[in-house]
Amino acid sequence: DRRIKDNPLEAGKEMEAELSIQNVLEEINKGFKTSAQDDKVIHRIFERIDYKKDNKIDKEELEHTLRSLGYEPVKINQYGISEVEQMIWEVDEDSDGCVSMEEFQMMFDRGRNDRTGHEPRKLFNLCQFMCLDRDGDGSISTEECMEMIMHRYGRNKMNEVFPERSDAQEREITLSDFLLQVNRSQNKAAQRDNKSNKMPSIGKKK
């Protein structure tokens, strides 16, 4: 983005917003057991996507949801299918071309507790975004992030994640922003894992 490159203030805002959302993601991905409140949120998100009210999410419904959030899914990806089709295929256990409530819940649980980075995360990332977007306006505000941390972990954890409030942090994060930052975080984590795996083990010489 040329505007950001030419404006140090904008670059600073971009960096602080990215750090804020990464801090929040680290907290909600630490593998805490899903609470009853989380179950209600997951059911509410499923119902929001399932506008046909037939207890399953199909390609048309998922595509509609993504576009309503200002995100244009890829029509044909490297696998020769659409991004929406891949999102469904990754979690479609019974291969019926749709995502049931059970499959949706299973997807969320697996994504939440995954420590290998091998679990499919496309639909999980969308679910995370919709969890944070509490007012359903298609963007995440700093206030929404802070509210989620506050309700789940308390004020001390919120102050730890958001040690300082500044005008630079007050930025709306769209789904496109969110997915970009999530992918960056995952790539950095993968790079760290690769480096640690390549490090020689230190042992006693024979």
Sorting Glu103, Glu119, Glu143 by accessible area (1.4 Å probe), largest first, what list results? Glu143, Glu119, Glu103
J(HN,Hα) series, segment 46-58, from Karplus relation 6.51 cos²θ - 1.76 cosθ + 1.60, nearest Hz, glycine and proline x: 4, 5, 5, 6, 7, 6, 7, 6, 10, 6, 7, 9, 9
Cut-off under 5 Å, modelled amide H: who pairs with Ile140 long-range: Ile173, Thr174
Spelling it out for Arg134: with amide H atoms placed in the peptide plane at 1.01 Å from N, the residues 5 or more places away or on another chain with amide H under 5 Å from its amide H are none
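Just the number please: accessible area per residue for segment 79-120, 1.4 Å probe, all protein chains included, in Å².
On a per-residue basis, 54 Å².
The values are calculated or read from the model by the stated rules, or taken from the named source; none is laboratory data. Remember, predicted model here, so these are calculated numbers, not experimental data. Surface areas here come from the heavy atoms of the whole protein model, side chains and all, with no ligands, DNA or RNA. Shrake-Rupley method; radii C 1.70, N 1.55, O 1.52, S 1.80 Å.
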